[in-house]
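Take this structure first; my questions come after.
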Amino acid sequence: MSMKDNDYICPNCKGHLNVGDYLVFATRTQRKHRGLLMMSPVVGEYEYMHHEKFQLEKGEMVDFECPICQTDLTSAKNKDHAMVYMVGEEDHAQYELYFSKIAGKQSTYVVAHDNIETFGDDAIDFEELFYE
């Protein structure tokens, strides 16, 4: 699955979060700084862009919101992760995509029914993270 052409959707308003080659989120840091974050839509790639005056400190918790409806995207299953829907470009199936809200922490999970794919150097067992 190429993942670059997948569609990413807000679980609340069903709005599309990808624009061009980026996923766009409204974010707020622990220091109450707000800014837009543009992330790679390729699962397992952790590059992102932001305004030069909006800086993330490694290890700080960042809240992600839908830029359309302002819904907090924090996962109900684990407060350290955000969740959006991902629609596969090839199979058109809907997946739950979980990613870490901690700046610099690379852990991402793609979940469809009983199938879980894990990405990132900091990822641990999904069951351990979300069901304990």
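So which residues in the range 13-22 are surrounded by 15 or more Cβ atoms within 10 Å (Cβ to Cβ) and modelled with pLDDT of 95 or more?
LEU17
Moving on. Step by step: first the residues of the range 57-101, then only those that are among the aliphatic types (A, V, I, L, M) and farther than 19 Å from VAL24 by Cα, then the one that is surrounded by the most Cβ atoms within 10 Å (Cβ to Cβ). Which residue is that?
Looking at the filtered set, the residue picked out is ALA93.
Run ASP7 past the list (1) touching a His at 6+ places or on another chain (Cβ under 9 Å); (2) among the charged types (D, E, K, R); (3) without any contact (Cβ under 8 Å) to a residue 60 or more places away in the chain; (4) farther than 26 Å from ASP125 by Cβ and report the number of the one that doesn't hold.
Single failed check for ASP7: (3).
I've got another one for you. Could you please let me know if GLY104 is surrounded by fewer than 18 Cβ atoms within 10 Å (Cβ to Cβ), modelled with pLDDT under 90, closer than 16 Å to ASN6 by Cβ and within 15 Å of the chain's Cα centre (by Cα)?
Against the criterion (surrounded by fewer than 18 Cβ atoms within 10 Å (Cβ to Cβ), modelled with pLDDT under 90, closer than 16 Å to ASN6 by Cβ and within 15 Å of the chain's Cα centre (by Cα)), GLY104 does not qualify.
For ASN78, all conditions in the list (1) under 19 Å from ILE116 (Cα atoms); (2) modelled with pLDDT of 95 or more hold save one; what is the number of the exception?
(2)
While we're here: Output the number of residues of the range 23-56 satisfying the condition of being surrounded by fewer than 13 Cβ atoms within 10 Å (Cβ to Cβ) and among the acidic types (Asp, Glu).
2
Still on this structure: Quick one: GLY120 ticks every box in (1) more than 16 Å from PRO41 (Cα to Cα); (2) surrounded by 15 or more Cβ atoms within 10 Å (Cβ to Cβ) bar one, so which box is it?
In the conditions (1) more than 16 Å from PRO41 (Cα to Cα); (2) surrounded by 15 or more Cβ atoms within 10 Å (Cβ to Cβ), GLY120 misses (1) alone.
Only one residue in LYS58, LYS53 is free of Cβ contacts under 8 Å to residues at least 40 places away in the same chain, part of a loop (DSSP other than H, G, I, E, B) and among the basic types (Lys, Arg), so which one is that?
Sole residue among the options that is free of Cβ contacts under 8 Å to residues at least 40 places away in the same chain, part of a loop (DSSP other than H, G, I, E, B) and among the basic types (Lys, Arg): LYS53.
Return the total of residues in the range 82-102 being in a loop (DSSP other than H, G, I, E, B), closer than 22 Å to CYS66 by Cα and either of a type in the set (Val, Ile, Thr) or touching a residue at least 60 places away in the same chain (Cβ under 8 Å) (or both).
Number satisfying all stated conditions: 2.
The values are calculated or read from the model by the stated rules, or taken from the named source; none is laboratory data. Every value quoted in this text rests on a predicted model; they were computed, and no experiment measured them. Neighbour counts run over all protein chains shown; Cβ positions are idealised from the backbone, glycine included.
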